[in-house]
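So the structure is just underneath, and the comments pick up after that.
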Amino acid sequence: MKIRRLSAAVAVAASGALLFSACTSPAGSDDPAEGDSTATSAAADGPCKADLGDVATADGEIKVSVEDEFLGYNSNTPETYSTYNSAVTDRLFSNFWYFGDDGSICTDESYGTYEAVSEDPLQVEYTLNDEAVWSDGTPVTYADYVLDWAAQAITEDGKVTEDGTETPLFNHISGLTLGDYVPEGPQADSPDAKTFTYDYETVYADWKIQISSPFPAHVVAEQAGVSTEELVAAIQDLDMGVLKKAAEFWNEGWLSQPGQVPDPALTPVTGPYNFKADGWQAGQYITLEANEQYWGTPAATKELTFRFVAADAQIQALANGDLDAINPNGPTVDTVQQLEQLGDAVTVESSPTLTWEHLDFNFGSGIFSDSLEAREAFALCVPRQKIVDDLIQPIDPEAVVMNAREVFPFQENYEDVVSQSYDGRYDEVDLDAAKEKFEAAGLEEGTKVRIGYAAPNPRRAAEVEAIKSSCDQVGFDVEDSAAEDFFDKDLPNGDYEVALFAWAGSGQIASGQNIYATDQPQNYGKYSDETVDEAWKTLAGTTDEAVHAEQVVVIEKQLWDTLFGIPLFAHPGVIASSSSVENVRPTAAQSGIVWNAEQWARAS
Amino acid sequence: MLKFILRRIGVSALVLLGASFLMFILVINSGDPLKDLRESNAQNREQLMAQRAELLRLDDNPFERYWDWLTGVAGCFTGSCDLGVTINGVDVLGLTQQAAASSLRLITLATLLAIVVGVALGILTAIRQYSGFDYVVTFSAFLFFSLPVFWAATLLKEFAAIQYNNWIAVGQYAPTTIVVAALVVGFVLQAVLGGTRRRRLVTGVGAFAFVAVVLFVFNALDWWRNPTFGLGGVLLVSAAAGVLVTALVAGLRNRRVLYAALTTSVVGTVAYLAFAPLLVNQPSWLLLAGLFVLTLLVSAGIGAAWGGFARRQAMLVTGITGVITSILVVADILIANWSSFLGIKSRPISTIGSQTPNFTGDFWEQVLDMGTQILLPTVLLTLVSVATHSRYTRSSMLETLNQDYVRTARSKGLSEREVIVKHAFRNALIPITTIVAFDFAALIGGAVITEQVFGWKGMGALFQDGLNAVDPAPVMAFFLVTGIAAVVMNLVADLAYAALDPRIRR
């Protein structure tokens, strides 16, 4: 879950959603259930999963949609890494932490605990619960984490990575980043230790979410023909004879041909759910069943079925009971209307997600690159409130204009950060002020402004339309320069004045450095500001949360003052679930509706 | 002839080869396979891009890549097929087999139904040209043909699945519904059967009364939730079918054929009684297939025994009657299982999927489950393709009906049945074979939109997903299968044409 992706997929999903806009009977129920919260037996308190108390697994099946085929047990290869695959595999593995419904970090103490024992140099100690076991009975231990580290640290020629750029031995989605941060690997007394420590080479702000669920070392060891202890020793001694075999199995042994449930002996799990024998039909569905060996709060419902359904077909499937919970990708006004017509039978909830839309200026070339006044003139004429009112509120009535980049309106510290960094001057369109700035910048009437975005995207086209009708009055000549290969060509080449796209927030603290600091890979507009660079360096180089909070304000303020760009809104998300299912909760994080699937229960 | 076939195959192979090369080049240039990675901000983005480039061999010469794909395909002739892997690392050969099986299952029934219904409608409308019935069918044909599939699917799901499932929970028709349904049936029937005004009136009123009474009785019996058909029903309908088939093929005056058909019905019903314990207790697809073959043999035997001078006609009639009887037998068992099926699956018609996940029922309940799952896509596909078939058949039939030899046949005093079935229909079928052959070729190609809206992953999905990811392996697998199917069916159509129409034989 460390990857942030632009949500270009929204366009595809949105146009797909248009397809079924034509139908369903117009005479729907007049009292939309939108906004209703699910009847939780224990109300959620804060962003983390609710404490449901004693849960006994009830017989039954809950069906949820994912939009693509399941690919395999190992979601960590570049081939199999996708939100759809993770939706399934995240149910199979426990982890020390997970993202709460506002993107904040929650811990799972039934699995284990972790804390930074030293802040500088950063040392993090992890302690696994003594009861934590794989579903085949083998305890989860240090050995599993050594293998997890090795898969993200060892290069093809049998060394620990120097800077993360070598060819890795294991085909891991995160490459060699962990080895780069923690060159020594986790340290413990013995392979079966339950406590171990990571010594970070440099202080790393996002240490809390750096370590993810491991794969079973005992299975890999057996496949490599050695004992678990020998595998741990081989990793520590970089014994390539063993490591090559281990890597071969790690890379390929956990991939599946659709429909063939993997051998339980090779795929033990640590999560509340496990594979169900014969529970996978290629192209149709995969069913998980409650893991009997799970030591924590058990799954509330015995079977959880993921049906592979395109977004277009989900709403009617929900209405017909073929699905119990849906999370349509890229919801539109029609999605919400259709769901509301289903009346009391379904519970609909709209909420913002961690993906947010923004306009970025091009600092590399063009009229905005060296003129703050020009940028101000543009910012003053962009009808942000109108865009949110017209395009987003029909989906999520609570939607607001976003006034920050690193914090979201639904997060606790948002008000705080915004009040200190932004005075509200671009909240309303002010054409007179814009004209003044326009003249002050020495721009000529009819100055061309190309707004680039990835086509096709009806919503962004509407946004550009709104901007054009407002900003053309100031003297700009706004041009919709959408292109299918916008990210491939126009953006890297700088062939735009303003770029319109979205970032998918990851819950990481320091990932914004890639976007706003000088010469970073995601800084497409070639923005450069010393204050911002400095603040990011301070932020990324400490684990102190007070410093993080303080630096975020500095960064936001500077980005507003120099007008890096204009944040617009957080993308709305919609979930809907059958009223007979309890505890379905929306989340802003990328894990989607299934993030608390083990708590879903059929109302009795 | 052999030379002709060989030449055709040789030419087709060359065409396929050229087309596959073109397709390969088009696919690998259809987009940017690294698009999602370019938009990613993973720390090891460059590594991921390099990894994908290696997997898809983006840096290699396209000719080299094509050649390697071709060698993999050539391996199919020596038993070591290699169609490559997808961008997700899944073996394409296995994927293609699954997709083809899924598509075949989805579309076979729809195609067969479309052909039968379409041809029948085409003939009926041609015979009753410019009648009210003809106009209605023509109108509906164009309507269905121009329906956007996704939209029609949405309507179908709303009314045939969601509303039906709500209704079947109670299973009672309201009196107004019954009256309206009966009126519609009565009206349609009189329009189809035609005749003088008086005859139409009798037909319409009769049909109206019959349907209304039956529906009220069904309501009273709670038939829709606990339906029965029974041995008597099987016998009655099968005998009626026998008579109808005889009337069409041989004419009712040919008593031998008529008796042969009726014997088949009786034997079929008796056989049902005899095999009932086996069918109820140890059902399997193998058993069904075996019994079906037995049915054909026995029916043919009956036809041969009764036939006399009309042996071929009799065997045809008994064969068709036998097939209809066996369908009725299966239908009867399924109907008997309906109420227990409703107990397991309270909302029987699904909007998505080819089967209910983790369905736990016995054999017949599973058959019912598959049937209810496939129902909506089949109806949709049938409606759309019936239009084509009925229009083609109608025009082809009209053309033959206006031929001199038909007029000759009439003038020498043949009955209208003989003129239509023997002289006109047979010749009208010749151009239809081409269309039907192509339909079968399209069958394996899947139905992209239908698959998507009904949540099936077939050939259409294979093609679409592959193209979206700019991943040549699955797209080429799709091309291979559909291309070969098209070529083979084209050949079959030509051969069939030659066999049917002596005029083009050389």
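The values are calculated or read from the model by the stated rules, or taken from the named source; none is laboratory data. Note that this is a predicted model, so its numbers are computed, not measured. Cβ placement follows ideal geometry from the backbone for every residue including glycine, while neighbour counts extend to all protein chains displayed. Just the protein is used for accessible areas: all its heavy atoms, side chains included, with ligands, DNA and RNA removed. Shrake-Rupley method; radii C 1.70, N 1.55, O 1.52, S 1.80 Å.
Applying 0.36 nm per residue to the separation of B:A331 and B:T360 and subtracting their alpha-carbon distance, the gain on full extension is 8.4 nm. About its Cα centre, chain B has a charge dipole of approximately 2760 debye under the convention of +1 per Lys or Arg Cβ and -1 per Asp or Glu Cβ, with nothing else charged.
For the stretch A:112-269, the residue among A:G259, A:A246, A:V117 whose Cα projects farthest onto the positive side of the dipole built from Cβ charges is A:G259. Farthest towards the positive end of the charge dipole of the protein assembly as shown, among the residues B:F150, B:S238, B:V379, is the Cα of B:S238, using unit charges on the Cβ of Lys, Arg, Asp and Glu. The A:Q236 and A:D519 beta-carbon pair, evaluated with R₀ = 41 Å, returns a calculated FRET efficiency of approximately 0.65. Listed cross-link partners A:K448/A:K526; A:K302/B:K457; A:K435/A:K537; A:K159/A:K194; A:K159/A:K208 are compared with a 30 Å cut-off, the Cα-Cα value being larger for A:K435/A:K537.
Take the Cα of A:T562, step 7 Å toward its Cβ, do the same at A:Q260, and the gap between the two points is 5.5 nm. Each of A:S104 and B:F142 was given a label point 7 Å from its Cα along the Cα-to-Cβ line. The distance between the two points is 6.5 nm. The tail of the calculated P(r) for chain A beyond 42 Å holds 27 percent of all Cα-Cα pairs. In the protein assembly as shown, the alpha-carbon atoms span a convex hull of 210 Å³ per residue.
Considering helices alone, the calculated mean residue ellipticity of chain A at 222 nm is -7500 deg cm²/dmol, with DSSP H runs of length four and up weighted by -39500 (n - 2.57) and normalised per residue.
Here the stretch A:112-269 is treated as a sphere whose radius is the Kirkwood value from Cα pairs; by Stokes-Einstein at 10 °C and 1.306 mPa s it diffuses with a coefficient of 100 µm²/s.
So if we plug the beta-carbon distance of A:E184 and A:E222 into 1/(1 + (r/R0)^6) with R0 = 22 Å, what FRET efficiency do we get, rounded to 0.05?
In this case the efficiency is close to 0.25.
Peptide A:302-310 is shielded by partner chain Cβ atoms: per residue, an average of 3 of them sit within 10 Å of its Cβ. Computed over protein heavy atoms with a 1.4 Å probe, the accessible surface of the stretch B:173-221 works out to 66 Å² per residue.
Full extension of the segment from B:Q163 to B:R198, taken as 0.36 nm per residue of separation minus the current Cα-Cα distance, would add 8.7 nm. Peptide B:149-157 has a mean of 5 when you count, residue by residue, the C-beta atoms of other protein chains within 10 Å of its C-beta. In this rough spin-label picture, where each label sits 7 Å from Cα along the Cβ direction, the B:L70-B:S411 distance is 6.1 nm.
So if R0 is 25 Å, what FRET efficiency would A:S118 and A:W295 give, r being the distance between their Cβ atoms, rounded to the nearest 0.05?
0.25
Output the 0 to 90 degree angle, nearest 10, between the alpha-carbon long axis of helix B:175-193 and the longest principal axis computed from the alpha carbons of chain B. Compared with the principal axis, the helix lies near 80 degrees. Remark: accessible area buried at the A-B interface is about 4400 Å², both chains counted, probe radius 1.4 Å. Under 17 Å from a point placed 7 Å out from the Cα of B:F438 along the Cα-to-Cβ direction: which residues of the stretch B:475-500 have their backbone N that close? Flagged as within label range: B:482-498.
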